[in-house]
Amino acid sequence: MGTTGTVMRELRGAQKTAKGVSLYSRYVNRPAGRVLAAGAYRIGMTPNQVTLLSAAFTFSAIASVALVRPSWGLAVLVWGGLVVGFALDSADGQLARLTGRGGPDGEWLDHVVDCAKMILVHTAVLISFRRFFDLPSEGWLLLPLGFLFAAVLTFCAGLLREQLGKAQPGKTQPAGAGAPPVAGGTAAPVSRLRAVALLPADYGVFCLVFLLLGDPTAFRLGYAVLAAVHALFLVMFLAKWFRELRSLRTAD
């Protein structure tokens, strides 16, 4: 087992491409995940164990949203739990590439946890709205349901785009969750403007809204703005992925 410095260098050399990744994931979440992956490697954890640790942090934070009355203290704890869970979600894949211990079971577990996270976080907000918030009208209870719809549909449609694209031999695959590591850690040229534009759709940026839990009105409005942004991104992504898949058919 190498030194921590050696492990960090090896992890930097086994990174996914930065194409299609927001600035937060590229400069905050992946580096944080790299540190956590190195620590997990040093103590002998497996990628699946890191995934389960990520789930423990994330689901504990989500449960707190549903069960505890909002306050500034809760806001910090929820945000911290979600952010650490997200960094560990990056660490499991990095550890798998470092050790060569990744496989279909690990990828399946990772996707299951991600899907559960998306469903539960908006469900928790709905419960919190109902239990603790003085809403202007009950129509606000529809907001978490709409956000849930946009998040899950984007997730599922993106996975299908990736898998259906893989079914076309010789075709260029989209960058993202299934993209291979970049040799030597050097990413292909990427658009900084695109990386900035993707920030509102990044889960790490979404986690920031929970820092507003101490002020119910600010949280409700911030959450509503992000819901609208995610709905817009859903429409854009669906149109983009449909065009890409249609081009694979017409190119045959």
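The values are calculated or read from the model by the stated rules, or taken from the named source; none is laboratory data. Computed from a predicted structure; not experimentally measured. For neighbour counting, all protein chains shown are included, and Cβ atoms are generated from backbone atoms with ideal geometry for every residue, glycine included. Areas reflect the complete protein model, heavy atoms only, side chains present, ligands, DNA and RNA absent. Shrake-Rupley method; radii C 1.70, N 1.55, O 1.52, S 1.80 Å.
A few notes on this one:
- Using R0 = 30 Å, the C-beta based FRET efficiency linking SER247 and ASP105 works out to 0.35.
- Two-site FRET efficiency, PHE149 against ARG42, from Cβ-Cβ distance with R₀ of 45 Å, rounded to 0.05: 0.60
- Sequence of HIS122, HIS111 when ordered by accessible area, the most exposed leading, probe 1.4 angstrom: HIS111, HIS122
- Estimated FRET transfer efficiency when R0 is 25 angstrom, pair LEU142-VAL112 (beta carbons, to 0.05): 0.40
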